[in-house]
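K.L.:
Okay, here's the structure, questions in a sec.
The values are calculated or read from the model by the stated rules, or taken from the named source; none is laboratory data. What you are looking at is a predicted structure, and each value in this text was computed from that prediction instead of being measured. Cβ placement follows ideal geometry from the backbone for every residue including glycine, while neighbour counts extend to all protein chains displayed. Heads up: the accessible areas ignore ligands, DNA and RNA and are worked out on the full protein's heavy atoms, side chains in. Shrake-Rupley method; radii C 1.70, N 1.55, O 1.52, S 1.80 Å.
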Amino acid sequence: MKLYVIGIGPGGAEQMTPRALAAMEKSDIIAGYTTYIDLVRPLIGNKEILQTPMKQEIDRCVKARDAARNGRSVAMICSGDAGVYGMAGLMHEVCADYPELEIEVIPGITAACGGAAVLGAPLIHDFAVISLSDLLTPWEKIEKRLDLASQADFCICLYNPSSRKRADYLQKACDIMLKSKAPETPCGTVRNIGRDGEQGEIYTLAALRDAKVDMFTTVFIGNSQTRIINGKLVTPRGYENK
């Protein structure tokens, strides 16, 4: 009775770890959100697929758990890293009353790391990752996290910066950060990280406020030391001061 919870990174086989690929190969069933299943479909072969649409995460994990309890080996796949806005936590929760189930979490490349590599090196020093989605977190709490992270001069990585229902959330976030960060703070966005159409752009924080982003975009805001070097976003660690 084995449950793998696998971070598949951006979705291409070349950006998945050998450990992730091996776990998928060993599994009888591949479970996941419909879009993520499509990303790895060439790797699945004739394996059984268990998929559910968005907003059915609990149902998906319960079905995977029950399949594992019936003696099947199940791989629950997640985009990016399974432990960063992924299914690893929920899977442990729904399996709390079944200690006999073995859960193995396999990490992957999350958007913060993948997008940072595209832009240069913006996350070399301390940074905070904040999702702007208020589906599971009250907006008031998101505002507080943005405010305090900005006051502490963290570099900030924003997930889920905009959607049809939240078209102005990045603007709201920038307005909060501009209270503590300079308007000329270097920032960047990366869309379709690690996939076809990958595109990175560099902005100032003032200009970022009006940037067009969507749910496939990850946003990076520098700290007071971040600068642009040969067109790349770089946050010094401070080695030169040692």
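K.L.:
Restricting to the stretch 84-141, and then to whatever is closer than 25 Å to Val5 by Cα and of a type in the set (Asp, Glu), can you tell me which residue is surrounded by the most Cβ atoms within 10 Å (Cβ to Cβ)?
P.N.:
Asp134
K.L.:
Within the set of pairs 6+ apart or on separate chains, which have a first residue in the stretch 128-151 that is over 15 Å from Lys165 (Cα atoms), a second that is open to solvent by 40 Å² or more (accessible area, probe 1.4 Å) and in a helix (DSSP H, G or I), and C-beta atoms under 8 Å apart?
P.N.:
From the stretch 128-151, the pairs are Ala128/Arg145; Ile130/Arg145; Glu143/Lys172.
K.L.:
Right, another one. Any idea which residue in the stretch 27-53 is farthest from Leu90 (Cα to Cα), counting only those that are part of a helix (DSSP H, G or I) and more than 20 Å from the chain's Cα centre (by Cα)?
P.N.:
Looking at the filtered set, the residue picked out is Pro42.
K.L.:
Please give the number of the condition Ile156 fails out of (1) more than 21 Å from Met54 (Cβ to Cβ); (2) in contact (Cβ under 8 Å) with a residue 12 or more places away in the chain; (3) outside any strand (DSSP E or B).
P.N.:
The one condition Ile156 does not meet is (3).
K.L.:
Right, something else. Scan the stretch 186-211 for residues that are in a loop (DSSP other than H, G, I, E, B), in contact (Cβ under 8 Å) with a residue 24 or more places away in the chain and closer than 19 Å to Ser163 by Cβ and jot them down.
P.N.:
Asn192, Ile193, Arg195, Arg209, Asp210, Ala211
K.L.:
Would you pick out the residues in the stretch 6-21 that are part of a helix (DSSP H, G or I) and modelled with pLDDT of 90 or more?
P.N.:
Pro18, Arg19, Ala20, Leu21
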